[in-house]
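Worksheet for the structure shown next.
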Amino acid sequence: MDMYHQQTNDASSHVFLMAEDCPSDAELITQMLYQAFGDSYSVVCVDRFAKVVEAMENGSFEVLILDMGLPDRSGVENIREVRSLYPNLPIVVLTGHEDIETAVDALQKGAQDYLTKNEITPEVLSRSLFYAKERKQIEIKLKQALEDSAYRNVQLEAMVRHDPLTQLPNRIFFHDSARKILHRAERFQKQVGLLFFDLDGFKRVNDTYGHLVGDSLLIGVAGRLENIARDSDLLARLSGDEFVIITDLIEHREQIYPLVKRLTKSFAKPFSIERHEITVTPSIGVAFYPNANSVDLLIKHADCAMYEAKKSEEKVVCFYTEEIASRFARSQTVELELSNALAQRELTTAFQPIVSASNPDKILLEALIRWTSPVLGIVSPAEFIPLAETTPVINGITKCVVTDSMELYRSLGEDLHRLDKIAINISSTQLATPNFANQFQRWLAECKLPADKISLELTEHQILHNSELCIKQLNIFRSLGMSIAIDDFGTGYSSITHLLDLPLDILKLDRALIDNIDNNPRNQAITAGIVEMAHRLNMKVIAEGIERPEEYEIALELGCDYLQGYLIAKPMFLKQLTDFYNT
Ligand code: C2E
Ligand code: CA
Ligand code: CA
């Protein structure tokens with residue numbers, strides 16, 4: 001039997017394709033179709049599976065009526081084939097007597113319905129064709145919906161794993177991928193390098209040009225980074241201006257050098273953003289697996305190395321070394337010991353006298369925290385304060401200083417009227433905490449310490465980086481009667497005009513400016529300039545770090561209002577202090 005066509009002329013007729021090699025069966029089905037649809041149908045009948053494809057190329061059909069046993073190909077595999085070639089074509093399978101197993105199999109492979117040859121009636125046939133079409137429609141819609149939601153999931157996934165600003169992988173993505181890279185490195189006994197870096201002066205760009213320019217700069221940086229990282233390197237933005245690149249598996253550490261070079265070189269040219277030419281340089285820390293054997297440790301090592309790079313004037317890149325490792329280990333120990341130090345009452349406050357040039361009878365003191373650890377001995381605040389600043393311990397320290405200041409205040413007795421101010425040092429992280437001013441006020445209240453006897457010392461750096469919030473808190477402090485002093489003034493980056501808008505009372509000259517000032521005309525000129533400006537702005541000036549009589553004389557001559565330093569007195573505890581003021 002060849003391909004033949006049972007044709008009617010009705011334009012709205014149903015068009016079927018039938019694959020059936022047994023002529024009598026084909027005739028029977030055609031008869032039934034006629035009974036079911038009258039003149040409004042047509043059927044193309046083929047007797048080989050190969051001809052199904054041929055017919056499909058020449059016409060379109062509502063349903064394929066498919067005999068399971070065709071001479072060239074038989075079995076349910078035919079269904080799979082039809083389905084993959086014509087996913088929208090409904091299939092009704094014809095099976096022999098009692099061949100229910102094949103029928104079920106056919107349905108599972110993608111046929112929409114089946115008919116058992118000797119049970120077919122015109123009604124059964126027409127209903128089966130109708131349902132096959134319906135089912136196919138539902139199937140198509142369902143498939144579409146699933147694909148849509150899968151697509152949305154992929155998009156959602158991409159959003160969760162990418163930084164919306166730069167489109168780079170974010171922290172989550174980075175950690176997942178980095179963990180996998182380390183697993184591979186472990187399996188293949190290879191190394192992995194990690195570059196961790198941020199942008200020097202990025203905050204200043206934000207402050208000077210605004211956040212939109214800052215954002216554009218980050219996008220520009222990300223663009224350049226994408227050009228220098230190879231496909232096998234993983235680049236991510238961890239937060240703010242912090243980026244990270246983790247290499248693929250490497251044999252030797254030296255293999256990371258070209259990447260480091262490309263990275264530093266990519267910052268050589270300025271970034272053009274809204275007609276500004278902005279130059280930023282990265283500080284890069286490098287660490288290696290298996291030296292650090294987890295993603296977190298790898299980042300920590302690289303972060304430590306980056307910190308070294310930041311501290312140094314000339315170094316852009318720092319590798320994590322044994323030296324850094326031992327410093328890091330020390331900082332870990334200090335941090336650990338420090339966390340118990342407050343509870344164990346290992347901290348006390350020393351007070352260093354400050355002399356007023358106009359009225360030597362006045363009592364002014366700077367409160368300086370002291371720590372004697374049973375494990376580490378005496379630890380300098382210059383070492384532990386920076387560590388405390390990143391934890392709540394810093395507030396415990398300030399509270400301790402406030403409490404000790406209260407003791408001092410009480411101990412003054414008859415001399416209380418001589419007390420001008422007790423200066424307390426405040427950290428940047430504290431000033432950047434929204435309710436710090438209120439908290440500090442509560443501590444003073446608890447200790448019954450009058451606020452107008454307190455002066456707060458902050459570095460210029462601290463205030464300029466968080467202008468709005470800081471100024472708000474500084475105003476609260478001042479409204480309570482406290483004075484505000486800028487510590488270590490005169491060597492920082494900010495110009496004096498930066499400070500004009502800030503609510504300040506005192507400038508405290510950096511010790512470096514006073515050191516050997518009698519032999520340094522330049523520092524004398526700078527100091528004279530600062531003093532002049534401060535007085536015009538109604539501010540007082542303190543010269544600190546005075547160790548020699550010559551320095552004392554010059555500082556006085558240049559108009560400093562207050563003097564502080566080992567020459568006058570070292571920081572001391574309460575008992576020595578009463579002796580100091582009574583002799
Ligand atoms: P700072 O605020 O600049 O404090 C002055 C430092 O100079 C003190 O060091 C003081 O002992 C030292 N000093 C005073 N006169 C002289 C001198 O004539 N020559 C020399 N070479 N040094 C002098 P110290 O006590 O080691 O404190 C170091 C830093 O730790 C302080 O620098 C301050 O930034 C911080 N710090 C100390 N106590 C606290 C505190 O309670 N809270 C906070 N946030 N920081 C504190
Ligand atoms: Ca100070
Ligand atoms: Ca200082």
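The values are calculated or read from the model by the stated rules, or taken from the named source; none is laboratory data. Please read these numbers as outputs of a predicted model, since none were measured by experiment. Quick reminder, even Gly has a Cβ in these numbers, built from the backbone with ideal geometry, and neighbours come from all protein chains shown. The protein model used for the area step is the full one, side chains on, heavy atoms only, and it has no ligands, DNA or RNA in it. Shrake-Rupley method; radii C 1.70, N 1.55, O 1.52, S 1.80 Å.
Looking at the range 374-387, which of its residues are modelled with pLDDT of 95 or more, open to solvent by less than 50 Å² (accessible area, probe 1.4 Å) and more than 16 Å from ligand 3 (Cβ to nearest atom)? Once the filter is applied, which keeps residues that are modelled with pLDDT of 95 or more, open to solvent by less than 50 Å² (accessible area, probe 1.4 Å) and more than 16 Å from ligand 3 (Cβ to nearest atom), the range 374-387 yields Leu376, Gly377, Val379, Phe384. Taken over the range 70-85, the criterion of being buried (at least 17 other Cβ atoms within 10 Å of the Cβ) and not in a helix (DSSP H, G or I) is satisfied by Leu70, Val76.
With respect to (1) under 30 Å from Leu263 (Cα atoms); (2) in contact with a Gly (Cβ under 8 Å, 6 or more places away or on another chain), the lone exception for Leu342 is condition (1). Restricting the range 111-128 to residues that are in a loop (DSSP other than H, G, I, E, B) and of a type in the set (A, V, I, L, M), the residue that is farthest from Lys141 (Cα to Cα) is Ile120.
Number of residues in the range 301-311 that are among the basic types (Lys, Arg) and either touching a residue at least 12 places away in the same chain (Cβ under 8 Å) or open to solvent by less than 20 Å² (accessible area, probe 1.4 Å) (or both): the value is 1. Scanning the range 393-426 for residues that are among the β-branched types (Val, Ile, Thr) and within 14 Å of ligand 2 (Cβ to nearest atom) turns up Ile397, Thr398, Val401, Ile422, Ile424, Ile426.
Applying a threshold of 9 Å to beta carbon distances and a minimum spacing of six or more residues, or different chains, the list of pairs starting in the range 463-491 at a residue that is assigned to a helix (DSSP H, G or I) and away from ligand 2 (no atom under 16 Å from the Cβ) and ending at one that is at pLDDT below 90 and among the polar types (S, T, N, Q) reads Leu464/Ser494; His465/Ser428; Leu469/Thr433; Cys470/Ser428; Cys470/Gln462; Gln473/Thr433.
Total residues in the range 223-263 satisfying the condition of being part of a helix (DSSP H, G or I) and either within 16 Å of the chain's Cα centre (by Cα) or not aromatic (Phe, Trp, Tyr) (or both): the figure is 16. None of Glu139, Glu157, Glu123 is farther than 30 Å from Ala292 by Cβ and either of a type in the set (A, V, I, L, M) or open to solvent by 80 Å² or more (accessible area, probe 1.4 Å) (or both) except Glu123.
Selection of the range 561-581 for residues being aromatic (Phe, Trp, Tyr) and buried (at least 21 other Cβ atoms within 10 Å of the Cβ) yields only Tyr562.
Within the range 316-329, residues that are on the phi < 0 side of the Ramachandran plot sit with their Cβ atoms under 9 Å from residues that are part of a loop (DSSP other than H, G, I, E, B) and of a type outside the set (Val, Ile, Thr), at 6+ positions apart or across chains, in these pairs: Val316/Phe267; Cys318/Ser312; Tyr320/Asn291; Tyr320/Ala292; Ala325/Asn291; Phe328/Tyr320. Within the range 86-110, being part of a loop (DSSP other than H, G, I, E, B) and more than 11 Å from Met68 (Cβ to Cβ) holds for Tyr86, Pro87, Asn88, Leu89, Pro90, His97, Glu98, Gly110. When you check Gly75 against the structure, is it under 24 Å from Pro122 (Cβ atoms) and out of contact with any helix residue (DSSP H, G or I) (no Cβ under 7 Å at 6 or more places or on another chain), yes or no? Answer is no for this residue. Filtered by the rule that a residue be polar (S, T, N, Q) and open to solvent by less than 50 Å² (accessible area, probe 1.4 Å), the range 86-120 gives Thr95, Thr102, Gln112, Thr116.
Any residue that is more than 16 Å from ligand 1 (Cβ to nearest atom), in a helix (DSSP H, G or I) and of a type in the set (Val, Ile, Thr) - is there at least one of those in the range 313-327? Scanning the range 313-327, I find at least one residue that is more than 16 Å from ligand 1 (Cβ to nearest atom), in a helix (DSSP H, G or I) and of a type in the set (Val, Ile, Thr), so the answer is yes. Inside the range 404-461, can you point out the residues that are outside any helix (DSSP H, G or I), closer than 18 Å to Ile394 by Cβ and within 16 Å of ligand 3 (Cβ to nearest atom)? Ala423, Ile424, Asn425, Ile426, Ser427, Leu456, Glu457, Leu458, Thr459 - these are the residues of the range 404-461 that are outside any helix (DSSP H, G or I), closer than 18 Å to Ile394 by Cβ and within 16 Å of ligand 3 (Cβ to nearest atom). The residues in the range 356-392 that are more than 16 Å from ligand 2 (Cβ to nearest atom) and of a type in the set (A, V, I, L, M, F, W, C) can be counted, and the count is 8. In the range 531-560, of all residues being under 19 Å from Ala512 (Cβ atoms) and within 16 Å of ligand 2 (Cβ to nearest atom), the one that is surrounded by the most Cβ atoms within 10 Å (Cβ to Cβ) corresponds to Ala543. Asp198 meets all of the listed conditions (1) free of Cβ contacts under 8 Å to residues at least 40 places away in the same chain; (2) open to solvent by less than 50 Å² (accessible area, probe 1.4 Å); (3) in a strand (DSSP E or B) but one, namely (1).
Ile526 - would you say it is away from ligand 1 (no atom under 16 Å from the Cβ), part of a helix (DSSP H, G or I) and open to solvent by 40 Å² or more (accessible area, probe 1.4 Å)? It is true that Ile526 is away from ligand 1 (no atom under 16 Å from the Cβ), part of a helix (DSSP H, G or I) and open to solvent by 40 Å² or more (accessible area, probe 1.4 Å). Being of a type in the set (Lys, Arg) and under 30 Å from Glu468 (Cβ atoms) is the requirement here; does Arg410 meet it? The answer is no for Arg410.
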